[in-house]
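Novice: First, the structure itself, so that you have it in front of you.
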Amino acid sequence: MAIKPEPLPLSKRIKTSYFQLSILVALYYALIINIPFYAQLYNILETSNTMNIGLFLCMPIFIFSITNILFSLISWPYIAKPIFIFLILTSSIVSYVIYNYGISVDYGMIQNAFETDTGEATSYLSFYSIFWVGITGIVPSLIVVLVKIRPEISVIKKLLSIVISALVIFSIVFFYFKDLSYIGRKNSYLKEMIVPTYYLSSAYKYIKNTYFSSPVIYKKIGEDAKQTNASATQKPTLFFFVLGETARSQNYQLNGYQRPTNEFTQQQNVVSFQDVASCGTATATSLPCLFSSLSRDEYNESIAKNQDNVIDILKRAGVSLLWKENDGGDKDVAKNIDKTTLNREEVNEFCNGNSCYDMALLENLDSDIRNMQGNSVIFIHLMGSHGPNYFKRYPDNQKKFTPDCQRNDVENCTSQSIINSYDNTIHYTDYVVSKLIDKLKSVSDQYNTSLLYLSDHGESLGENGVFLHGLPYSFAPIYQRRVPLMLWMSEDFEKAKGLDQGCLRNEAQNSSISQDYIFHSLLGIMDVTTSVYQQELDFYKKCRSINEKE
């Protein structure tokens, strides 16, 4: 009886060369990884009635040629396998994000990825996302690991492959230049969906700017800051600045939304601004920008992080300050003042060992207030409507809109359940803000009290296939760029500051403002004078009868 030979190990049976490996990986990118790009291009061609089958069919060849040039340049002994494995794994994640959320992985998204905390990062994990990355990332990476590469290297073949790919790219651009130019002008974001070129260039810029750029000399501004006696009374000011997360203006009942998402604050006599533009579409940009003296058009992260912000100037003027955190960090805007952060590992009424509901921020608030001296501002950073797992932002007894989406891969929920979950987060935030107002009312005999609520940026809920946030500002949908801003003031606060609430309501209804106003409005309402203050960017100024000394 013949003895059956044992099969050779996989590493013995699969052999290739560096030249062939780069071609195979480029082919995988052209046929699989860039499917989200093709899907978006197809939608654009179909909806604009400019369907060009030839152009569409040439796109995989175009992508193959681009990636083949890139991969040919890095396909060398010792480095090829590690680089390909890294690229395939990260590209799989990027492809998932683009296809399922409709957002590109640009500089801002790379920054968010580097600066996010563990709790926020794990909120994006789901069976669907793990399955996607497993099939499109881990499996092909294992194949690269197991394949045996022959030691020979043909530089001539590499050069010939690069030249042919370059000629193919040139030919496609030549024959379809008019179509490519038209589509590119109308849909400039398309280039950001090509994997891996765009996310690699964004990552390179972020790492270069963060870790290898020349240090920027720290600049102090507002060194002349001081509090005036323009509104001096028997009582000091206590001001709550409540910073929301991912709340969009369009889902606020106070701003015309048809659902009762503001049933708590509408009973508190708040003033709601109807048209407020955010500084960015992600926390990493909006948060430092809104506290900076730089406008959105001027904003530069390196400059903003290396000069005083409005919190620093308030501190210099002698205002008592505290930052209370439930959203993974203050992005260094409060690095020079006292901070308290909720311990998410606790298990109690508001915390489950992984995250805390925003009502937990009210714990110890009485003692926090007692520890403040003189005029005071407490910054309260909410978890708010942070996605994609909206259903974890509110307790069951605050679930007003059902059925809600009980999963974090929201793209697999129905549109209505996603909206229900999101509206529940807005409704719960409204409840928290109302409770903060009640807290201020309870101490209004000791302080002139007021609250300002503002979200950092908005959110997309599937409109035109886009979810979450973080798209480049220039073409981000308005849902990501318009945020709620609400004011509440005690009667004594209004009198002490010389405020006309009717005037403020008129301004809120008829004026368009932006987060550029926050820096100057905070200085103005806390009666801090400084040469960097600009009264035209103080939304309180028009409605104050007290003229501060300039």
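Novice: Within the set of pairs 6 or more residues apart or between chains, which connect a residue that is within 30 Å of Q307 (Cβ to Cβ) inside the range 331-357 to a residue that is open to solvent by less than 60 Å² (accessible area, probe 1.4 Å) and of a type in the set (D, E) with Cβ atoms less than 6 Å apart?
Specialist: Here the result reads N336/D312; T341/E325, each pair linking the range 331-357 to a residue that is open to solvent by less than 60 Å² (accessible area, probe 1.4 Å) and of a type in the set (D, E).
Novice: Can I ask one more? Would you pick out the residues in the range 500-528 that are out of contact with any strand residue (DSSP E or B) (no Cβ under 6 Å at 6 or more places or on another chain), within 24 Å of Y447 (Cα to Cα) and open to solvent by 20 Å² or more (accessible area, probe 1.4 Å)?
Specialist: Once the filter is applied, which keeps residues that are out of contact with any strand residue (DSSP E or B) (no Cβ under 6 Å at 6 or more places or on another chain), within 24 Å of Y447 (Cα to Cα) and open to solvent by 20 Å² or more (accessible area, probe 1.4 Å), the range 500-528 yields D500, Q501, G502, C503.
Novice: Further, regarding this structure: Within the range 426-447, is even one residue without any contact (Cβ under 8 Å) to a residue 40 or more places away in the chain, surrounded by fewer than 24 Cβ atoms within 10 Å (Cβ to Cβ) and of a type in the set (A, V, I, L, M, F, W, C)?
Specialist: Checked against the condition, which is being without any contact (Cβ under 8 Å) to a residue 40 or more places away in the chain, surrounded by fewer than 24 Cβ atoms within 10 Å (Cβ to Cβ) and of a type in the set (A, V, I, L, M, F, W, C), the range 426-447 yields no hits at all.
Novice: Moving on to the next point. Residues in the range 184-198: is at least one acidic (D, E), open to solvent by 50 Å² or more (accessible area, probe 1.4 Å), out of contact with any Gly (no Cβ under 6 Å at 6 or more places or on another chain) and in contact (Cβ under 8 Å) with a residue 60 or more places away in the chain?
Specialist: Scanning the range 184-198 turns up no residue that is acidic (D, E), open to solvent by 50 Å² or more (accessible area, probe 1.4 Å), out of contact with any Gly (no Cβ under 6 Å at 6 or more places or on another chain) and in contact (Cβ under 8 Å) with a residue 60 or more places away in the chain.
Novice: Which residues, counting only those in the range 374-394, are assigned to a loop (DSSP other than H, G, I, E, B) and touching a residue at least 40 places away in the same chain (Cβ under 8 Å)?
Specialist: Once the filter is applied, which keeps residues that are assigned to a loop (DSSP other than H, G, I, E, B) and touching a residue at least 40 places away in the same chain (Cβ under 8 Å), the range 374-394 yields G374, N375, L382, M383, G384, S385, H386, G387, P388, N389.
Conditions (1) part of a loop (DSSP other than H, G, I, E, B); (2) of a type outside the set (V, I, T); (3) surrounded by fewer than 12 Cβ atoms within 10 Å (Cβ to Cβ), marked per residue:
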| site | (1), (2), (3) |
| --- | --- |
| L125 | yes, yes, no |
| I130 | no, no, no |
| V144 | no, no, no |
| K158 | no, yes, no |
| I164 | no, no, no |
| I169 | no, no, no |
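Novice: I've got another one for you. Those residues that are hydroxyl-bearing (S, T, Y) and not in a loop (DSSP other than H, G, I, E, B), I need them from the range 330-373; list them, please.
Specialist: T340, T341, S367 - these are the residues of the range 330-373 that are hydroxyl-bearing (S, T, Y) and not in a loop (DSSP other than H, G, I, E, B).
Novice: Mind listing just one residue for me: the one in the range 256-278 that is of a type outside the set (S, T, N, Q) and open to solvent by less than 10 Å² (accessible area, probe 1.4 Å) and, of those, farthest from V483 (Cα to Cα)?
Specialist: If we take residues in the range 256-278 being of a type outside the set (S, T, N, Q) and open to solvent by less than 10 Å² (accessible area, probe 1.4 Å), then V271 is farthest from V483 (Cα to Cα).
Table: residues versus (1) surrounded by 18 or more Cβ atoms within 10 Å (Cβ to Cβ); (2) polar (S, T, N, Q); (3) part of a loop (DSSP other than H, G, I, E, B).
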| site | (1), (2), (3) |
| --- | --- |
| E223 | no, no, yes |
| F241 | yes, no, no |
| L254 | yes, no, no |
| T285 | yes, yes, no |
| D297 | no, no, yes |
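Novice: If the Cβ limit is 7 Å and pairs must be 6+ apart or interchain, which residue in the range 94-109 that is under 13 Å from T281 (Cβ atoms) pairs with which residue that is basic (K, R) and assigned to a helix (DSSP H, G or I)?
Specialist: From residues that are under 13 Å from T281 (Cβ atoms), the pairs are Y107/K205.
Novice: Something else about it: Taking the range 466-490 on its own, how many of its residues are open to solvent by less than 40 Å² (accessible area, probe 1.4 Å) and either among the aliphatic types (A, V, I, L, M) or out of contact with any strand residue (DSSP E or B) (no Cβ under 7 Å at 6 or more places or on another chain) (or both)?
Specialist: 11
Novice: Right, something else. How about the range 19-58: which of its residues are open to solvent by 70 Å² or more (accessible area, probe 1.4 Å), within 29 Å of the chain's Cα centre (by Cα) and modelled with pLDDT under 90?
Specialist: Y42, N43, T47 - these are the residues of the range 19-58 that are open to solvent by 70 Å² or more (accessible area, probe 1.4 Å), within 29 Å of the chain's Cα centre (by Cα) and modelled with pLDDT under 90.
The values are calculated or read from the model by the stated rules, or taken from the named source; none is laboratory data. Predicted model only: the values in this text are computed from it and were never measured. FYI the Cβ positions are ideal-geometry reconstructions off the backbone, even for glycines, and counts take in every protein chain you see. For accessibility, only protein heavy atoms count, side chains too; no ligands or nucleic acids. Shrake-Rupley method; radii C 1.70, N 1.55, O 1.52, S 1.80 Å.
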